[in-house]
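The values are calculated or read from the model by the stated rules, or taken from the named source; none is laboratory data. Here the structure is a predicted model, which is why all the values come from computation and not from measurement. Ideal geometry is used to build each Cβ from the backbone, glycine not excepted, and the neighbour counts take in all protein chains shown.
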Amino acid sequence: MNKNARQLKIREILQRHNVGNQHDLLRLLKETGMVVAQATLSRDCAELGIIRTRAAGGYRLVFPEDHAGKIIKGLVGVEVLTVTANETAVIIKTLPGRAHGVGSYIDQLKSPLILGTIAGDDTVLIIPASVNSIDTLITFIHRNVSKN
């Protein structure tokens with residue numbers, strides 16, 4: 001089974017069933033004949049943007065909706081302290097321990113302006129696709145990430 005087929009099956013299961021956690025999702029995958037390691041499932045859920053949210057009667061794994069994206073954007077915005085840049089890169093300073101979440105959120109935006117991100121404890125290094133687009137990238141970050 002390849003990654004695309006597995007992720008397609010995960011989408012299908014989540015659309016058809018109320019799945020409370022990854023353990024239940026593993027069981028449902030197994031019932032369809034797909035045996036998946038927990039670590040692989042966790043990576044798939046992260047790549048697909050699946051979140052665990054409170055629903056009527058408990059928790060549920062779901063795909064983020066537009067309003068959920070706005071909530072996440074607001075939360076990430078609170079975690080961002082500063083956005084600075086030089087001629088080659090952009091640095092985002094975050095609250096302690098929050099750089100990984102901010103970096104992951106930025107990665108999920110899939111902007112063609114961004115070549116990649118590297119996150120530490122309280123710092124996210126953003127490598128632009130082109131140094132000529134740093135100003136545009138900073139505007140993009142302020143519009144999509146920071147609270148300002």
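Of all residue pairs spaced 6 or more apart or on separate chains, those with beta-carbon atoms under 7 Å, a first member in the range 93-104 that is of a type in the set (D, E, K, R) and a second member that is surrounded by 16 or more Cβ atoms within 10 Å (Cβ to Cβ) and part of a helix (DSSP H, G or I) are R98/E79.
Residues that are outside any helix (DSSP H, G or I) and on the phi < 0 side of the Ramachandran plot within the range 4-40 comprise H17, N18, V19, G20, N21, T32, M34, V35, V36, A37, listed in sequence order. As a summary of the residue check, V124 satisfies the conditions (1) in a strand (DSSP E or B); (2) of a type in the set (V, I, T); (3) surrounded by fewer than 14 Cβ atoms within 10 Å (Cβ to Cβ) except for the one numbered (3). Residues considered: K73, K110, K93. Of these, the only one that is at pLDDT below 90, more than 20 Å from R6 (Cα to Cα), not assigned by TED's automatic domain parsing to the domain that holds K9 and not in a helix (DSSP H, G or I) is K110.
For the range 118-139, state whether one or more residues are within 22 Å of I50 (Cα to Cα) and either without any contact (Cβ under 8 Å) to a residue 12 or more places away in the chain or not charged (D, E, K, R) (or both).
Restricting attention to the range 118-139, the residues satisfying the condition of being within 22 Å of I50 (Cα to Cα) are 118-119.
Those still in the list that are either without any contact (Cβ under 8 Å) to a residue 12 or more places away in the chain or not charged (D, E, K, R) (or both) too: 118-119.
Looking through the range 118-139, at least one residue is within 22 Å of I50 (Cα to Cα) and either without any contact (Cβ under 8 Å) to a residue 12 or more places away in the chain or not charged (D, E, K, R) (or both).
Yes or no: the range 128-139 includes at least one residue that is of a type outside the set (A, V, I, L, M), closer than 25 Å to C45 by Cβ and touching a Ser or Thr at 6+ places or on another chain (Cβ under 9 Å). It would help to see each step written out before you state the result.
Within the range 128-139, the first condition is being of a type outside the set (A, V, I, L, M), and the residues that meet it are 128, 130, 132-133, 135-136, 139.
Next cut, closer than 25 Å to C45 by Cβ only: none.
No, there is no match, as no residue in the range 128-139 is of a type outside the set (A, V, I, L, M), closer than 25 Å to C45 by Cβ and touching a Ser or Thr at 6+ places or on another chain (Cβ under 9 Å).
Condition check for L28 on (1) under 24 Å from S104 (Cα atoms); (2) surrounded by 11 or more Cβ atoms within 10 Å (Cβ to Cβ): one failure, at (1).
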